[in-house]
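The next block holds one structure in the form of structure tokens; read it before the comments.
The values are calculated or read from the model by the stated rules, or taken from the named source; none is laboratory data. Computed from a prediction, not measured in an experiment: that's the story for all the values here. A quick note on method: Cβ atoms are made from the backbone with ideal geometry, for glycine too, and the neighbour counts reach across all protein chains shown.
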Amino acid sequence: MLIDEKSLASVAQAKEAALRVLLHNARGPFQGLPRTAGWGYPEPYTRDLMISALGFLATGNEELADALRRTLVALATNQTPRGHIPSLAHDRADRGASDTTPLFLFGLALYRKSTNQPEFLHEAAQKALKWMQYQSPDDMVMVSQLPTSDWRDEQWVVGYGLYVNTLVYAYLLLLGEHEPAGHLRELMNRLEVRGEEKNPHEHEGLVVPSKPYYALYSYKIFNSDRFDLLGNSLAILTGIASLHRARNLVAWVEAECGAMRASGGLAVDLPPCLFPYILPHHADWRPRYERFNRPGEYHNGGVWPFVCGFYVAACVAAGRIGLARRKLLALTELVKPWHENEAEWGFNEWIKAQTGQPSGRDWQTWSAALYLYAAQCVEQQGTPFFGELRAGNPRAAR
């Protein structure tokens with residue numbers, strides 16, 4: 001797919017705007033640490049900023065690299081004695097998230113590689129690695145979590161979640177821990193456990209029978225095979241999914257999204273974060289969803305620009321360059337509208353799937369950062385940091 005001059009100009013404008021957003025957010029009111037959003041979220045949320053590390057480093061901007069460094073130092077300073085990383089970089093008492101510690105290790109590994117400082121925050125890294133070892137109930141690398149403890153604070157993910165375990169796999173490889181990483185990949189590529197009874201010697205896997213994607217979560221006889229866009233995109237990027245599976249997975253996503261658009265369930269040319277949507281008559285619907293997590297909204301199928309940035313990168317990793325270009329243009333359109341504060345580019349938090357209307361906070365750091373990362377992936381026809389992970393795994397190439 002060729003991109004015309006008008007589209008190229010729009011991407012260039014969006015990149016410039018994204019960089020302005022990140023520089024605007026690079027220092028906030030809490031110890032000078034970066035803001036999570038330009039107006040609505042002045043706090044330095046750990047997960048948002050660690051995910052944004054990909055975009056910070058992709059720019060080559062020294063101020064953003066320093067913002068990442070300062071955040072990592074604050075997280076290490078406020079780490080608990082047992083190694084857990086808080087949800088707010090400046091507040092050691094804000095604890096309980098399942099993804100903050102793996103994201104710290106992921107962001108730290110990216111910063112080390114980018115700056116050639118392999119021993120940076122060594123003690124904090126060792127403590128965090130020890131903490132993560134204790135998150136594996138059967139002491140077999142794969143980690144578990146409690147409901148609403150990852151980035152989806154209104155979504156139930158119980159036990160062995162896909163998203164968090166893709167992060168574990170990524171940081172293990174980035175830190176040179178190849179043996180446990182290989183074991184984790186093997187476990188994740190097993191079929192998920194189904195039925196009323198479970199063989200006590202059979203470990204849970206995350207492969208969905210007769211589908212090309214990975215389950216949202218699995219634990220003993222419990223599982224969910226709803227599609228998690230972020231977790232599956234990371235599975236492609238890290239090489240947990242083979243190239244063959246990755247291509248089939250992307251093709252499946254596009255077919256399903258086409259059907260949703262035809263039925264009126266999706267108004268944009270990008271996938272929702274979760275589908276099929278959880279409806280009130282479904283067994284996994286919870287009363288609280290009526291107010292905070294309605295179908296096609298927030299974590300129940302909202303369209304999140306930062307997650308779509310990962311999907312664009314996953315399309316590149318799967319060799320679907322033409323599709324990745326098309327999705328980058330769709331993402332360019334998605335990040336333009338504003339919701340709270342009039343601005344030329346909104347970089348909103350999330351978009352209602354059925355209408356395409358921005359519904360969250362504007363000038364989100366991770367929305368801007370992952371746009372820049374996605375754009376770089378398309379321009380380079382490669383996936384910085386992740387490409388070497390897949391290259392080091394011969395199985396990922398098949």
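Here are the numbers for the structure shown:
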item: Any helices (runs of 4 or more DSSP H) falling wholly within the range 250-366 and containing at least 3 residues that are among the polar types (S, T, N, Q); result: none
item: Any pair with Cβ under 8 angstrom, 6 or more apart, that starts in the range 272-289 at a residue that is crowded, with 22+ Cβ neighbours inside 10 Å and ends at one that is among the aromatic types (Phe, Trp, Tyr); result: 273/304; 273/350; 274/227; 275/227; 278/285; 278/289
item: Test result for residue 310, of a type in the set (A, V, I, L, M, F, W, C) and touching a Ser or Thr at 6+ places or on another chain (Cβ under 7 Å); result: yes
item: Verdict on residue 316 being within 18 Å of residue 353 (Cα to Cα), aliphatic (A, V, I, L, M) and modelled with pLDDT of 95 or more; result: no
item: Tally, over the range 101-145, of residues that are among the β-branched types (Val, Ile, Thr) and free of Cβ contacts under 8 Å to residues at least 24 places away in the same chain; result: 0
item: Filtered residue count, the range 315-359, keeping only those that are small (Gly, Ala, Ser), buried (at least 21 other Cβ atoms within 10 Å of the Cβ) and either in contact (Cβ under 8 Å) with a residue 24 or more places away in the chain or out of contact with any Phe, Trp or Tyr (no Cβ under 6 Å at 6 or more places or on another chain) (or both); result: 4
item: Subset tally (residues that are surrounded by fewer than 16 Cβ atoms within 10 Å (Cβ to Cβ) and either of a type in the set (S, T, N, Q) or in a loop (DSSP other than H, G, I, E, B) (or both)) for the range 52-101; result: 8
item: Residue satisfying condition, being in contact with a strand residue (DSSP E or B) (Cβ under 9 Å, 6 or more places away or on another chain), closer than 29 Å to residue 246 by Cβ and either among the hydrophobic types (A, V, I, L, M, F, W, C) or in contact (Cβ under 8 Å) with a residue 60 or more places away in the chain (or both), within set 296, 265, 309, 301; result: 265
item: Matching entry among 191, 184, 175 (being at pLDDT below 95 and either hydrophobic (A, V, I, L, M, F, W, C) or farther than 21 Å from residue 97 by Cα (or both)); result: 191
item: Test: residue in the range 186-194 that is in contact with a Lys or Arg (Cβ under 9 Å, 6 or more places away or on another chain) and either in contact (Cβ under 8 Å) with a residue 24 or more places away in the chain or more than 30 Å from residue 139 (Cα to Cα) (or both); result: yes
item: Condition broken by residue 340, with the remaining ones in (1) out of contact with any Cys (no Cβ under 9 Å at 6 or more places or on another chain); (2) at pLDDT 95 or above satisfied; result: (2)
